[in-house]
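Participant: Have a look at the structure that comes next, please.
We did not get these values from a lab; they are worked out from the coordinates using the rules stated. Worth saying up front: this structure is predicted, and the values here are computed from it rather than measured. Here Cβ is always computed from backbone atoms with ideal geometry, including for glycine, and neighbour counts include all displayed protein chains.
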Amino acid sequence: MRRPLEIAGCRSECGWRDTGELLDGEPVFACTGCGSEWVPSEPWTPVDYTGVVPEPVAEARRTRGTGWQRGQ
Ligand SMILES: [Zn+2]
């Protein structure tokens, strides 16, 4: 069983980045503003404080189910 994700209320300084960590084979993204975590299989999509989905997150979303396992 995988560990639960940390989900905090996002604040105005949110910014998402790839942590380099893997959880059940999925890349883990974390928010530098509030400490929330996200993986591509989550039903929601994180946005930066600008309201824009960060490119690494959008990329992970596009390739969900296949992309991150390629090239292993
Ligand atoms: Zn946040």
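Participant: Can you tell me which of 56-62, 7-13, 35-41 comes out highest on packing, and rank the rest after it, using the mean Cβ neighbours within 10 Å?
Facilitator: Working: 56-62: 15.4, 7-13: 11.4, 35-41: 17.6.
Ranked from most to least packed, the peptides come out as 35-41, 56-62, 7-13.
Participant: Restricting attention to the alpha-carbon atoms of the range 1-51, what are Rg (one decimal) and Dmax (integer), both in Å?
Facilitator: According to the Cα coordinates of the range 1-51, Rg and Dmax are 10.6, 34 Å.
Participant: I would also like to ask the following. Using modelled amide H (1.01 Å from N, peptide plane; none on Pro or chain starts), what sits under 5 Å from the amide H of L23, excluding residues fewer than 5 places away?
Facilitator: When sequence neighbours closer than 5 places are left aside, the close amide H contacts are V28.
Participant: Assuming R0 = 22 Å, can you tell me the calculated FRET efficiency for the pair Y49 and M1, based on Cβ-Cβ distance, to the nearest 0.05? The partial results should precede the final answer.
Facilitator: Details: r = 33 Å, r/R0 = 1.48.
Efficiency computed from Cβ-Cβ geometry: 0.10.
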